[in-house]
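Visitor: Take a look at the following structure, please.
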C-alpha cells in the first residue's frame, strides 16, 4: 500500500473516532478473537474513550518495553495515542513519551486524548517514521504497534529508529510478520481478514534487516497465528551500549581511511600482529566478512575511535560458524572502555548470526588484550611456540577462543 493511501486510510479512521464512532481495521471475526485493538491490554483504566476506540494495533508493545521512570520513549505510528499514554504512565513525570504519526487527523485525535487524560509528559509529532523529526540519541526506547509493516521502506524506518536511540537503547515493537514469502492469493486472503498484511516481512528478513542496521540481541517472538503463514509478533533488539559521547554502528566504506589508520597505528606497536603494513581498503574488505564489522565513533565529530571485524577461518561448510576476529582502538582513546564495548557488541552480533566459535591469536606480551578477552569469556586453548618471525625475533602466539552458549548447541 502506498504511503498516501495509508495516510488517507488512517486519517479517515481518526475522523470517525473524533465523530464518536468505533472503528476496526480487520474483519469483525479477527477483532473479536482478541488479537487486535484493546484486547491485548490489561491496564487501560482511566484512558480516554477516544484512545481506546482508535486502538488498531496487533499487540501491546508497552508490556514488553521494560520502561523505567525517567526514560524517554518514542511510539512510531502512534495513532490515537493509547501506547503513548500508557508509556507516559510508566516513565512518570520525569520521563517523556513521544508519539509520531503521518496523519494530521491522528495527531489531532491523540492530542485531544492526551488533554482528556491530563497527560503533561507527552508530545505528539506530525511526520513519517522513515524520517523521524528528532535529533540523534534522543530516546531510550522505541516502540510501535502494527505500523512498520505498512512502510514501503522498512530499512529507512529501522535506520531512523537506530539513529534516534541512545547507545544501549531498546527497540520493542508489535508487528505483523510472515513465516515464508506468501503468494499473491494467500496475501490477498490474509489481507481481507487482518487488514495490514501487505508489505509484511518474513521473520528471516526482519531479523536480517535488524542486524544489518546495527541492532544486536535481536529476537522475534510470535504471539498469534492468523493463518496463511501470517503472525502477530513482538520484535525486540538493542542498540549496542558504549560510554556517553560514543556510538557503535556498522562499518561503512566511508570509514576506510580512519579504520586503516587505526589499523596501522596498532601494527606500529609491534604487539598487534605479524603484519607490519595495513592493507588497502580493497584488501581489507576482501579479507573480512561483509557483516560482523563495527566501528565506535565520537557522536559529535564522527571520528572513528575503534573497530572490530571478523574473517572466515575456512571456506568449508563445516566451519561456517567459526570466525577469527580483529579488534583495534585508536592509540589516543585506549583505557576508556571502547575495546570492551566493541567486543561485547561483536560477541552478541556473532551469536545473532549463528557463530559458535570466535577465535584469535594474541602475542603473550599483549597483556591488555589477553585480559580483556578473558574477562569476556575467551579461554586460552594453548600457546603456539615460535610460530613466526617478527622484526627479526621468533614470537609465540597464544591461541584463544570463545564458544557460544547459544549458537551451535
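Each value in this text was obtained by applying a stated rule to the coordinates, not by laboratory testing. Keep in mind the model is a prediction, meaning the values are calculated, not measured.
Visitor: What Kirkwood hydrodynamic radius, in Å, does segment 60-101 give when the mean of 1/r is taken over all pairs of distinct Cα atoms and then inverted?
Guide: On the way: mean 1/r = 0.1012 Å⁻¹.
Taking the inverse mean of 1/r over all distinct Cα pairs, segment 60-101 comes out at 9.9 Å.
Visitor: Pulled fully out, how much extra length does the chain show between residue 126 and residue 399, if you take 0.36 nm times their separation in residues and subtract their Cα-Cα distance?
Guide: That works out to 92.8 nm of additional length.
Visitor: Something else: Under 1.5 on a/c is rounded, so check that first for segment 246-403, then, if it is not, pick prolate when a/b is larger than b/c and oblate when it is not; a ≥ b ≥ c are the square roots of the alpha carbon gyration tensor eigenvalues. Could you put the intermediate results ahead of the total?
Guide: Values: a/c = 1.38, a/b = 1.15, b/c = 1.21.
Since a/c stays below 1.5, the shape of segment 246-403 is classed as rounded.
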